[in-house]
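Taking it in order: structure first as structure tokens, then the write-up.
The values are calculated or read from the model by the stated rules, or taken from the named source; none is laboratory data. All values derive from a computational prediction rather than experimental measurement. For neighbour counting, all protein chains shown are included, and Cβ atoms are generated from backbone atoms with ideal geometry for every residue, glycine included. Just the protein is used for accessible areas: all its heavy atoms, side chains included, with ligands, DNA and RNA removed. Shrake-Rupley method; radii C 1.70, N 1.55, O 1.52, S 1.80 Å.
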Amino acid sequence: MDIFNAVIQTLDSTLRLSVPLLLACLAGLYSERSGIFDIGLEGKMLVGAFAGAAAASVFHSAFIGLGMAILISIAFAMIHGFASITHRGNQIVSGVAINFIAAGSTVILGQAWFHQGGRTPALSEGERFSSITLPGANAVKDVPVIGQLYSELLSGHSLIAYIAFAMVPITWWVLYRTRFGLRLRAVGENPAAVDTAGISVTWLRYRALLCTGVLTGLAGAYLSMTQNGGFVKDMTAGKGYIALAALIFAKWKPVNAMFACLLFGFLDALAIRLQGTPLPIIGKVPVQFMQALPYILTVVLLAGFIGKAIPPRAGGVPYVKER
């Protein structure tokens with residue numbers, strides 16, 4: 001039973017650690033399906049995390065913080081769109097610039113406003129998103145196996161976590177069952193054909209980046225208002241880049257993206273659980289190696305197990321309307 005409890009706890013940590021990756025991965029899915037390569041996911045998550053924690057601390061409301069996180073992330077997404085869509089700039093350069101601006105501005109503003117070394121004040125109970133107990137979870141928690149799976153694994157997550165996993169079928173439906181999704185996939189493959197049909201390529205791509213901003217704002221808010229209870233410097237810790245890796249690993253498909261993010265979340269949870277634990281034959285593994293394990297395996301998976309991943313054909317290429 002101890003082994004079963006350890007498995008449940010590891011899977012529970014996997015779900016929690018997968019949430020920001022999944023939201024960022026789905027955010028990248030919208031932008032890249034429209035033909036906009038977005039390496040700035042990391043930066044948009046970071047500004048969302050800062051804006052959410054700062055607003056929640058000032059206004060003492062978790063929902064105001066969430067709204068501010070989404071609003072600021074959308075603003076940065078529109079900046080990326082202005083540079084790469086309206087002015088047809090290099091999408092990689094624009095994304096990297098957003099990451100640099102986010103990393104610097106969050107620390108400077110945090111120090112100027114709160115005088116805590118770039119941090120925001122610790123969030124109280126009403127200023128962050130608490131765990132939600134699903135109906136009947138307490139009643140069945142003593143039931144072997146099924147009760148534990150429901151009460152400990154499925155129940156007890158925050159509102160943003162449930163939104164993240166609900167966004168997987170919603171994104172699948174939007175992409176494959178709606179007119180907007182059909183046009184979005186078309187503009188990522190052949191924008192000239194979409195333009196010929198009388199549909200605005202620019203407007204479609206801006207709407208895709210709007211979706212990206214909403215989802216990265218949710219991801220950032222989850223980091224600072226659920227996992228940490230406050231903003232700290234560079235708290236995204238490369239999660240935006242791992243989300244991009246998961247997106248490539250999933251071959252730009254929403255359901256595959258969920259499983260890829262769960263895999264990366266599991267590697268992270270396993271690394272945390274095994275820190276300082278002696279392993280058979282190997283012995284005690286250095287903490288630094290266990291912390292680096294998710295990033296090492298990210299590179300290994302992308303290098304050796306992904307197969308041939310073909311991105312949208314118009315991805316990363318500015319569209320110039322033929323006259």
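For this structure, a couple of remarks:
- Ser94 being farther than 29 Å from Leu204 by Cα and open to solvent by less than 80 Å² (accessible area, probe 1.4 Å): no
- Being farther than 21 Å from Ser224 by Cβ, among the aliphatic types (A, V, I, L, M) and either in contact (Cβ under 8 Å) with a residue 60 or more places away in the chain or surrounded by 21 or more Cβ atoms within 10 Å (Cβ to Cβ) (or both) holds for only one residue in Ile3, Ile8, Ile72, and it is Ile8.
- Any chance Ala219 is within 30 Å of Glu189 (Cα to Cα), in a helix (DSSP H, G or I) and modelled with pLDDT under 90: no
- Of all residue pairs spaced 6 or more apart or on separate chains, those with beta-carbon atoms under 7 Å, a first member in the range 54-68 that is under 14 Å from Pro121 (Cβ atoms) and a second member that is open to solvent by 10 Å² or more (accessible area, probe 1.4 Å) and of a type in the set (Val, Ile, Thr) are Ala55/Ile64; Ala56/Ile64.
To keep it simple, each residue is scored yes or no on (1) acidic (Asp, Glu); (2) in contact with a Leu (Cβ under 9 Å, 6 or more places away or on another chain); (3) over 30 Å from Ala192 (Cα atoms); (4) modelled with pLDDT of 75 or more.
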{"position": "Ile248", "(1), (2), (3), (4)": "no, yes, no, yes"}
{"position": "Val255", "(1), (2), (3), (4)": "no, no, no, yes"}
{"position": "Leu267", "(1), (2), (3), (4)": "no, yes, yes, yes"}
{"position": "Ala271", "(1), (2), (3), (4)": "no, yes, yes, yes"}
{"position": "Gln275", "(1), (2), (3), (4)": "no, no, yes, no"}
{"position": "Pro280", "(1), (2), (3), (4)": "no, no, yes, no"}
{"position": "Leu297", "(1), (2), (3), (4)": "no, yes, yes, no"}
{"position": "Phe305", "(1), (2), (3), (4)": "no, no, yes, no"}
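- Met45 fulfils the conditions (1) part of a helix (DSSP H, G or I); (2) more than 14 Å from Asp234 (Cα to Cα) except for a single criterion, (2).
- Inter-residue pairs, beta-carbon under 9 Å, first charged (D, E, K, R) and in the range 140-153, second not in a helix (DSSP H, G or I), 6+ apart: Lys141/Ser155; Glu152/Lys141
Residues checked against (1) in contact with a strand residue (DSSP E or B) (Cβ under 8 Å, 6 or more places away or on another chain); (2) closer than 30 Å to Val7 by Cβ:
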residue	(1), (2)
Ser158	yes, yes
Ile163	no, yes
Thr171	no, yes
Leu204	no, no
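- Any hit, the range 29-36, residues being open to solvent by 20 Å² or more (accessible area, probe 1.4 Å), in a helix (DSSP H, G or I) and out of contact with any His (no Cβ under 6 Å at 6 or more places or on another chain): yes
- Matching residues, the range 131-152, being in a loop (DSSP other than H, G, I, E, B), open to solvent by 50 Å² or more (accessible area, probe 1.4 Å) and within 30 Å of Gly67 (Cβ to Cβ): Ser131, Thr133, Pro135
- Within the range 226-274, the set of residues being among the small types (Gly, Ala, Ser) and buried (at least 20 other Cβ atoms within 10 Å of the Cβ) comprises Gly230, Gly240, Ala243, Ala245, Ala246, Ala250, Ala257, Ala260, Gly265, Ala269, Ala271.
- Candidate set from the range 153-196 (those that are more than 20 Å from the chain's Cα centre (by Cα) and of a type in the set (Ser, Thr, Tyr)); member that is surrounded by the most Cβ atoms within 10 Å (Cβ to Cβ): Ser155
- Any hit, the range 200-207, residues being of a type in the set (Ser, Thr, Tyr) and without any contact (Cβ under 8 Å) to a residue 24 or more places away in the chain: yes
- Checked against the criterion of being more than 20 Å from Cys25 (Cβ to Cβ) and among the charged types (D, E, K, R), the candidates Arg179, Arg185 yield just one match: Arg179.
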